[in-house]
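Colleague: Attaching a single structure in structure tokens format; questions to follow.
The values are calculated or read from the model by the stated rules, or taken from the named source; none is laboratory data. Bear in mind that the values here come from a model prediction, so they are computed numbers and not experimental data. Cβ sites come from the backbone with ideal geometry, for glycine too, and all protein chains shown count toward neighbours.
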Amino acid sequence: MTMSSPRRSRRALDVATVLARWFLAFVFIYMGLEKALDPVTFLKLVRQYELVKNPLLLNAIASTLPWFEIICGLLLLAGVAVRGTAINLIAMLVPFTLLVLRRALAIAATQGTPFCAIKFDCGCGNGEVLICHKLIENSGLLILACWLLTGFGRQLCASFSLLKTTPGNPTPVSAPSARAEYPG
């Protein structure tokens, strides 16, 4: 194995991570825009989960969640706060996936429909979807978000270049010196 082989594989992993980050970014920007452009429909879909009875809280969720998804997507696209954004995506995907699963199980129990034949609009922005496909899709998105937590691809993030250190100076270049000298 040559010395450049580990570097080459690391570079390939970095590029794959950036592609995964951009894919997640476009998915969440798209899903957020679909919801934000039709807030009344999204409000009705959120209401179907019967989690929130308070109309003010229901409206707050329906009006802010799409924009939060868009902001998370834009942060991923720009490469800013990638790990924090990935944690937020995981925090959204896990409960949402469990809610979809719960609703699908309830429909299967009441209608006697086979689980993978259940189809409804889950509120993701894609209209009616087969639930088995949606659960697999969300699992894939969760895996990608968890992958972003590893920190690969950081050299290709906007925030990484702001915190670079120079040789011989362990503090970031952009950080002001703690021992600044002031005239006078």
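Colleague: Looking at ALA145, ALA86, which is the one that is in a helix (DSSP H, G or I), small (Gly, Ala, Ser), touching a residue at least 60 places away in the same chain (Cβ under 8 Å) and in contact with a Ser or Thr (Cβ under 9 Å, 6 or more places away or on another chain)?
Modeller: After applying the criteria, what remains is ALA145.
Colleague: Another question, then. Every residue in the range 115-128 that is without any contact (Cβ under 8 Å) to a residue 60 or more places away in the chain, within 22 Å of ILE61 (Cα to Cα) and part of a strand (DSSP E or B), please.
Modeller: PHE120, GLU128, listed by residue number.
Colleague: Okay, moving on. Report yes if ARG8 is without any contact (Cβ under 8 Å) to a residue 24 or more places away in the chain and over 25 Å from ASN126 (Cα atoms), otherwise no.
Modeller: Answer is yes for this residue.
Residue-wise test of (1) at pLDDT 80 or above; (2) loosely packed, with under 13 Cβ neighbours inside 10 Å.
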{"position": "LEU105", "(1), (2)": "yes, no"}
{"position": "LEU141", "(1), (2)": "yes, no"}
{"position": "GLN155", "(1), (2)": "no, no"}
{"position": "PRO176", "(1), (2)": "no, yes"}
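Colleague: While we're here: Filter the range 89-98 for residues that are surrounded by 15 or more Cβ atoms within 10 Å (Cβ to Cβ) and either in contact with a Gly (Cβ under 7 Å, 6 or more places away or on another chain) or in contact (Cβ under 8 Å) with a residue 40 or more places away in the chain (or both) and give the result. Let's see the steps before the verdict.
Modeller: First, the residues of the range 89-98 that are surrounded by 15 or more Cβ atoms within 10 Å (Cβ to Cβ): 89-90, 92-93, 96-97.
Of everything in the range 89-98, those that are surrounded by 15 or more Cβ atoms within 10 Å (Cβ to Cβ) and either in contact with a Gly (Cβ under 7 Å, 6 or more places away or on another chain) or in contact (Cβ under 8 Å) with a residue 40 or more places away in the chain (or both) turn out to be LEU89, ILE90, LEU93, PHE96, THR97.
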